[in-house]
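Asker: My questions will all concern the structure given below.
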Amino acid sequence: MSFTPAKRITSSQQGPHKNLEKVVVKHLQTQSKKPIAQHTQNAFDELYKQWERHGRPPIILDSACGTGESSRYLAKTHPNHWVIGIDQSEKRLLNSANNLLPENCQLIRSECTDFWRLAELAQWQFALHTLFYPNPYPKPQHLQRRWHGEAAFTSLLAISQSIELRTNWQIYAQEFYEALLIAQGNGIALKQIQIDSYQPTTTITAFERKYLMSEHTLWRVSAS
């Protein structure tokens, strides 16, 4: 089988963005006023009702889950949790591998940042929140498209009892780590904030497999 190695991320940005603290602090002190997409509101309302009907089990939220491979893996390895995978692409979620999901796994089409804001308003807490290989948006002018530069970053923190981010771009990992420290320094109750390079024993997304096979260094940031 032929294999095309994944290209390494290139950027004119050579370290954490100079405006990172300014952007994070601004979002910690303000609330996003972006309208919630109706399809996300509908999906959220139905999902919350299902969770209540299931007896309110602990939840793992897998944001931007793509084809759902990581969500299915999390469901199988955490049988006592309900796993919710969310992604904005209906095409990716309709992957044939999702025709038969684990009983404790639910995939829904949703804008991640809208879902986080709705969860915060509902005071919904997730035992674990995973963010696996987000779009790096490597251009410096796109800082606010990265998860830690988004206006909804404060909602992400509010709904997550534990967070795990994985990326193959060291700068993204460093920025996310520093954004957590900035939030901690501004009154957000965070602890055990860690950053490390790692070698997964089991690859749980297609990106992770390709990056590992391409000999990229993988980075992980976690906090509780």
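Asker: Would you mind ranking Cys65, Cys112 so that the residue whose beta carbon has the fewest other beta carbons within 10 Å leads the list?
Answerer: Ordered by Cβ neighbours within 10 Å, fewest first: Cys112, Cys65.
Asker: So how compact is the chain: Cα radius of gyration and Dmax in angstrom?
Answerer: 17.1, 52
Asker: Counting each DSSP H run of 4 or more residues in the chain as -39500 (n - 2.57), what helix-only mean residue ellipticity at 222 nm follows after dividing by all residues, to the nearest 500 deg cm²/dmol?
Answerer: Dividing the helical sum by the residues of the chain leaves -10500 deg cm²/dmol.
Asker: Taking the DSSP beta bridges in the chain as the whole, what percent of them are antiparallel, to the nearest 5?
Answerer: Among the beta bridges of the chain, antiparallel pairing accounts for roughly 35 percent.
Asker: Per 0.36 nm of contour for each residue apart, how much would the distance between Thr30 and Leu94 grow if the chain were fully extended, relative to their Cα-Cα spacing?
Answerer: 19.4 nm
Asker: Can I ask one more? Tabulate in residue order the Karplus-calculated ³J(HN,Hα) for region 27-35, using 6.51 cos²θ - 1.76 cosθ + 1.60 with θ = phi - 60°, rounded to whole Hz; enter x for Gly and Pro.
Answerer: 6, 5, 9, 10, 10, 5, 10, 4, x
Asker: Within the set of other residues whose C-beta is less than 9 Å from the C-beta of Ser32, count the net charge using Lys and Arg as +1 and Asp and Glu as -1.
Answerer: Charge balance near Ser32 sits at +2.
Asker: Using the Karplus equation 6.51 cos²θ - 1.76 cosθ + 1.60 (θ = phi - 60°), what ³J(HN,Hα) coupling, rounded to whole Hz, does each residue of region 10-23 give in order, writing x for Gly and Pro?
Answerer: Rounded to whole hertz, the list is 10, 7, 6, 7, 9, x, x, 4, 5, 9, 4, 4, 4, 5.
Asker: Please tell me which of these pairs span more than 24 angstrom C-alpha to C-alpha: Lys18/Lys210; Lys91/Lys210; Lys33/Lys191; Lys76/Lys210; Lys22/Lys191?
Answerer: Lys18/Lys210; Lys33/Lys191
Asker: Say the dipole of region 35-223 comes from +1 at the beta carbon of Lys and Arg and -1 at that of Asp and Glu; which of Leu190, Ser63, Thr202 then lies farthest toward its positive end?
Answerer: The residue sitting most towards the positive pole is Thr202.
Each value in this text was obtained by applying a stated rule to the coordinates, not by laboratory testing. These figures come from a predicted structure and were not determined experimentally. Quick reminder, even Gly has a Cβ in these numbers, built from the backbone with ideal geometry, and neighbours come from all protein chains shown.
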